[in-house]
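Bear in mind these aren't lab numbers, they're just calculated from the coordinates by the rules spelled out. These numbers were taken from a predicted model, which means no experiment stands behind them. Cβ sites come from the backbone with ideal geometry, for glycine too, and all protein chains shown count toward neighbours.
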Amino acid sequence: MFNLVLFGPPGSGKGTQSERLVEKYGFFHLSTGNLLREEIANKTPLGIEAKKFMDHGQLVPDEVVIGMVDSFFDKHKDAPGFLFDGFPRTVAQAQALDRLLDLRKTEIRVVLALDVSEEELVSRLLNRGKTSGRSDDTNEEVIRKRFLVYSNDTAPVAEYYKKAKKFKSIEGEGSVDEIFAALRQAIDKTMAEV
Ligand code: AP5
């Protein structure tokens, strides 16, 4: 089983590249943002609670997200490998993910981090906000809050994976095709290292 984390700040292209990587390699896509938005659309108690955090650019509490990931694993026992998008976002989530994978006798093989400047990120998100219907994309203040949360809570996750020698930085500016090619190259290299 080959599991990878696609890492990077809001708007860095995780969702865009995940779609292509899923098509190319057959990974199961686990986006905690998408799972949370589904809960919101279905007006579940979890979704109603999560929306309060998401609308303000804050993280949904770890225990909620980890529980959701655990049940996703239970529903997809035969998955050939997972692509984690937007998860883990705190060191506690990264540690919980290691434990959940260990129970299933597997692990994270590589973390690929998309490197994009903040000005480019803001412009991408405001642009997406014109059509996405995502309440956290339309307000620049909420977007800046998401970046602050990223540097305080999520950036330390990079250090966690650097220590484990699983972290690789990828140039995240350029055309979608160029970035996809760089990601493929890094994945193929890691797969060949078995
Ligand atoms: P989530 O849904 O994970 O959003 P995010 O991390 O903020 O990332 P985005 O979806 O905004 O960006 P992306 O990197 O996927 O970029 P995309 O490909 O869409 O999380 C939302 C919220 O849910 C969080 O704030 C939090 O509240 C909560 N949450 C989720 N997971 C959580 C967790 N684990 N723990 C706690 N809370 C959690 O691209 C962005 C735009 O750029 C698009 O319009 C795209 O077309 C464009 N674009 C992409 N690539 C390029 C390119 N190369 N050049 C130009 N434009 C490009």
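Take each peptide in 103-115, 1-13, 76-88, count the other Cβ atoms within 10 Å of every residue, and average; sorted highest first, the result is 1-13, 76-88, 103-115.
For residue 42 and residue 75, the FRET efficiency from 1/(1 + (r/R0)^6), where r spans their Cβ atoms and R0 equals 22 Å, is about 0.90. Taking other residues whose beta carbon is less than 15 angstrom from the beta carbon of residue 20, and scoring Lys, Arg as +1 and Asp, Glu as -1, yields -3. At a Cα cut-off below 16 Å, give the aspartates and glutamates reachable from residue 77, other chains included and same-chain residues fewer than 8 away excluded. Within reach: 102, 107. In order along the stretch 52-58, the Karplus-derived 3J(HN,Hα) couplings, from 6.51 cos²θ - 1.76 cosθ + 1.60 at θ = phi - 60°, round to 4, 6, 5, 5, 9, x, 9 Hz, and Gly and Pro are given as x. Here's the picture: charge each Lys and Arg Cβ at +1 and each Asp and Glu Cβ at -1 in the chain, and of 112, 135, 191 the one pushed furthest to the positive end of that dipole is 191. Rounded to the nearest 20 debye, the dipole size of the chain about its Cα centre is 320 debye, using +1 on the Cβ of Lys and Arg and -1 on the Cβ of Asp and Glu.
Here the dipole of the stretch 57-144 is about 340 debye; that uses its Cα centre as origin and unit charges on the Cβ of Lys and Arg (positive) and Asp and Glu (negative). When only the Cβ of Lys, Arg, Asp and Glu is charged (+1, +1, -1, -1), the dipole of the stretch 115-194 relative to its Cα centre reaches about 360 debye. For the residue pairs 14/166; 105/166; 75/163; 51/168; 75/105, the alpha carbons lie more than 21 Å apart in 75/163; 51/168. Of all lysines in the structure, the ones whose alpha carbon falls short of 17 Å from that of residue 165, not counting any fewer than 8 places away in one chain, are 189.
Dividing the summed -39500 (n - 2.57) terms of all DSSP H runs of n ≥ 4 by the residue count of the chain sets its mean residue ellipticity at 222 nm at -17500 deg cm²/dmol. Once C-alpha pairs closer than 8 Å and six or more residues apart are averaged by separation and normalised to the residue number of the stretch 28-87, the relative contact order reads 56 percent. Here residue 52 is the anchor, and the aspartates and glutamates within straight C-alpha reach of less than 13 Å, apart from those fewer than 8 places off in the same chain, are 39, 136. Here the 3J(HN,Hα) profile of the stretch 122-132, calculated from phi with Karplus coefficients 6.51, -1.76 and 1.60 at θ = phi - 60°, is 4, 5, 4, 6, 5, 5, 5, x, 5, 10, 6 Hz, Gly and Pro shown as x. Contact order for the stretch 3-189, expressed relative to its length and based on alpha carbon pairs under 8 Å spaced 6+ residues apart, stands at 33 percent. Charged neighbours of residue 63, selected by a Cβ distance under 12 Å, balance to -3 (K, R count +1; D, E count -1).
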